[in-house]
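The values are calculated or read from the model by the stated rules, or taken from the named source; none is laboratory data. The structure displayed is predicted, hence computed values, not measured ones. Please note: Cβ atoms are built from the backbone with ideal geometry, for glycine as well, and neighbour counts cover all protein chains shown. In case anyone asks, the SASA skips ligands and DNA or RNA and just uses the protein heavy atoms, side chains included. Shrake-Rupley method; radii C 1.70, N 1.55, O 1.52, S 1.80 Å.
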Amino acid sequence: MAISEVLEAERPLVEDDVVDGCVDYKGRPVNNRSKYGGWRSALFIIGVEMAERFAYYGVSSNLITYLTGPLAQSTATAAENVNAWSGVASLLPLFGAFLADSFLGRYRAIIIASLIYVLGLGLLTLSAVLLSGSTSECQNTSCSANQFQVIFFFFSLYLIALGQGGHKPCVQAFGADQFDSQHPLESKLKSSFFNWWYFGMCMGTFVTLTVLNYIQDNLNWILGFGIPCILMVIALVVFLLGTKIYRYSLKGEEKSPFLRIGQVFVTAVRNWRITPSAIALEEEARGTLPHQSSEQFKFLNKALLASNGSKGYGKVCSAGEVEEAKALLRLVPIWTTCLVYAIVFAQSSTFFTKQGVTMDRSVVADFQIPAASLQSFISLAIVLTIPIYDRIFVPIARTFTRKPAGITMLQRIGTGMFLSAASMTGAALVEMKRLKTAEEYGLVDKPNVTIPMSVWWLIPQYALLGVSEAFTMVGLQEFFYDQVPTELRSVGLSLYLSIFGVGSFLSSFLISAIENATGGDGRDSWFANNLNKGHLDYFYWLLAGLSFIQLVVYLYFAKSYIYNRGNAS
C-alpha cells in the first residue's frame with residue numbers, strides 16, 4: 001500500500017471517533033482520528049528515524065576502517081571492538097525501553113536519548129580533531145594514538161551507544177502507537193507502517209553509505225563524524241515540531257507489567273507442590289474455557305492458586321496475568337533461534353568491508369568506490385524489495401491466505417533466514433575465487449596490492465543479505481511489538497534489538513576463538529591481517545552451515561508457536 005493511498009484511506013475515518021487508551025499533548029482524550037496520530041504523525045517519526053540511522057551508520061559502517069587506520073589496530077582486534085560496541089548498542093535498548101515503559105514514557109525518553117546521542121556525536125567529532133592534525137598522514141604511514149585519545153574516543157563511542165539505546169526502541173514503538181490496533185483500517189495501516197518504517201530507515205542508511213563513507217575515506221574524519229552530529233540536532237527539532245499532533249499512550253492505573261509478570265513466576269514457584277487436579281478445579285471454578293495456550297507452560301497455571309491451594313488466602317494471579325507471562329516465555333525459542341542470523345548480519349560491516357578493500361574498486365578513471373559504501377547495496381536491495389513486497393506480494397498472498405499481512409510474521413522471518421544462509425554460501429564461493437586470483441597473480445605476499453578482481457563480485461552477497469533483511473528484520477520488529485503486553489511494546493522492540501546485540505558478542509567471541517585456534521606457531525589465522533593468507537572462506541562456510549541448522553530448529557519452534565491475541569498476521 002503506497003503512502004499516498006494510505007493517507008487517502010484515512011480521510012473517511014469518523015472525526016469524533018475516540019481512540020481508546022490515547023491522549024493528546026495536553027492530556028485530553030483523542031476524539032478525532034484525522035487530527036491526531038495516523039500517517040500524518042508517523043511520517044514525522046519516520047523522518048526522525050531516517051536521520052538517526054544516517055547518524056548511527058555514519059559511525060558504525062566505516063568504524064573498522066577508522067580502527068585499523070588512524071587507531072592502527074589489527075584486523076581481528078578491530079573486528080572484535082566493532083562487534084563489542086555493536087553488541088552493547090543493541091543490548092542497551094533493553095535498559096532504555098524499561099525506563100520508558102516504567103517511568104519516563106516514550107516521548108520524554110526520546111528527547112533525553114536524543115540529547116545524549118548529540119553529546120556523544122559531538123565528543124566523537126572532537127576526538128577526531130584531537131587524534132589527528134592530519135588524518136591523511138595517518139592513512140599512509142604507521143601512526144598510533146596516545147592512551148588519552150583512545151580512551152576519549154571509546155568514551156564518545158559508547159555514549160552514542162547509550163543514546164541509541166534509549167532512542168531506537170522508543171521511536172519505533174511511538175510511531176506504531178500512532179495507529180489503533182482495535183480499528184479495522186488502522187490495524188492494516190500499522191502492518192504497512194512497519195514496512196515503510198524500514199524503508200525510510202534504509203533510505204537514511206543508503207545516503208550514509210554512498211555519501212558519508214566517501215567523505216570519511218577521501219576528505220577527513222572530522223567532517224565524517226561532524227555531519228551526523230548536525231543531522232541529529234535537526235532530527236530532534238523535527239521530532240519536537242510534531243508534538244501537537246502525536247497520540248500519547250495513556251498509562252493505566254494497574255500495577256507495572258514487570259511486577260505482574262514477575263509475580264506470576266514467583267507465585268508459580270511457591271506453589272510447586274500443587275497438583276494438576278487442583279489447578280483444573282480452580283480453572284473450572286473461574287469458568288476459564290480450555291484454550292490451546294493453556295496447555296503450554298502448564299507449571300505457570302499454579303500461579304492461579306494461593307499458596308495453601310485455596311483462592312481466599314494469599315496472592316493470586318489472574319488468568320490474564322498468567323497468559324502475559326506465557327506470552328513472554330513463548331518468545332524465548334524464537335529469540336534464541338535468530339542468533340545465528342544476527343552473527344551473519346554482523347559480518348557486513350566488518351569482514352565484507354575488509355574483503356572489498358583488497359579488490360579492484362574502480363568505477364571510472366581516478367575514482368574508486370569506498371569499500372564501506374558497498375553496504376549501500378544492502379540498503380538498495382531493501383529499498384527495492386519493500387515496495388514490491390508491500391504493494392505486489394502482500395495483496396497476492398492475501399487472496400490465498402485471507403490474512404491481512406499476506407503471510408504470518410514467523411513465515412516472513414523464516415524466509416529471510418533462508419536468504420541469509422544463501423548469502424553466506426555466495427560469500428564463501430566469492431572469497432575462494434578471490435584467494436585463487438591472488439595466488440594466480442603472485443599477490444599472496446603483497447597485501448597492499450589490489451587484486452585484479454572486480455569488487456562487483458561482492459554485490460550478490462550484499463544484495464541477498466539486503467533482501468533477507470526486508471523479510472526477517474521487518475518481521476522481527478512487527479513480531480516482537482505485537483506479541484508482548486501492550487504496556488511493554490518498547491521492551492518488545494528492545495528484545496528484537498537484543499538479538500543483534502547478543503549476536504554481535506557471539507560473533508566477537510567466535511572470531512576470537514577461531515583466531516586463537518588457527519593462529520600461533522608461525523601460522524596465519526583465518527583472519528590474518530594479510531587476508532590473502534587468511535581463510536575467510538572457511539569462516540563463511542561455517543556461518544552458512546550454522547545458518548541452515550538454525551533454520552531447521554527455527555521451523556520446528558515456529559510451527560508450534562501460538563500467537564498472542566490470536567494475531568497470526
Which numbered condition trips up N532, out of (1) out of contact with any strand residue (DSSP E or B) (no Cβ under 8 Å at 6 or more places or on another chain); (2) modelled with pLDDT of 85 or more? (1)
Given (1) at pLDDT 80 or above; (2) among the aliphatic types (A, V, I, L, M); (3) outside any helix (DSSP H, G or I); (4) crowded, with 22+ Cβ neighbours inside 10 Å, L71 misses just (4)
Which one is modelled with the lowest pLDDT among residues in the range 397-424 that are polar (S, T, N, Q) and part of a helix (DSSP H, G or I)? T401
Test set (1) under 27 Å from Y198 (Cα atoms); (2) surrounded by fewer than 22 Cβ atoms within 10 Å (Cβ to Cβ); (3) modelled with pLDDT of 85 or more; (4) of a type in the set (D, E) - E487 fails condition number: (3)
So, of the residues in the range 442-463 that are part of a loop (DSSP other than H, G, I, E, B) and exposed (fewer than 13 other Cβ atoms within 10 Å of the Cβ), which turns out to be nearest to the chain's Cα centre (by Cα)? N448
Which is at pLDDT 85 or above, small (G, A, S) and crowded, with 19+ Cβ neighbours inside 10 Å, of A97, A84, A109, A76? A109
One residue from A79, A128, A113 being among the aliphatic types (A, V, I, L, M) and touching a His at 6+ places or on another chain (Cβ under 6 Å): A113
Among the listed residues K168, K244, K190, identify the single one that is of a type in the set (K, R) and closer than 14 Å to E52 by Cβ. K168
Please go through the range 506-555 and pick out each residue that is touching an Asp or Glu at 6+ places or on another chain (Cβ under 9 Å), surrounded by fewer than 17 Cβ atoms within 10 Å (Cβ to Cβ) and charged (D, E, K, R). K533
Working carefully through the options I222, I261, find the one that is at pLDDT 85 or above and not polar (S, T, N, Q). I222
Being β-branched (V, I, T) and under 24 Å from F479 (Cβ atoms) is the filter; apply it to the range 309-365 and report the residue that is modelled with the lowest pLDDT. V322
Of the residues T385, T337, only one is open to solvent by 10 Å² or more (accessible area, probe 1.4 Å), in contact (Cβ under 8 Å) with a residue 60 or more places away in the chain, more than 22 Å from T65 (Cα to Cα) and within 17 Å of the chain's Cα centre (by Cα); which? T337
Name the helices (runs of 4 or more DSSP H) wholly within the range 162-244 that hold at least 1 residues that are of a type in the set (F, W, Y) and open to solvent by 10 Å² or more (accessible area, probe 1.4 Å)? 184-207, 213-218
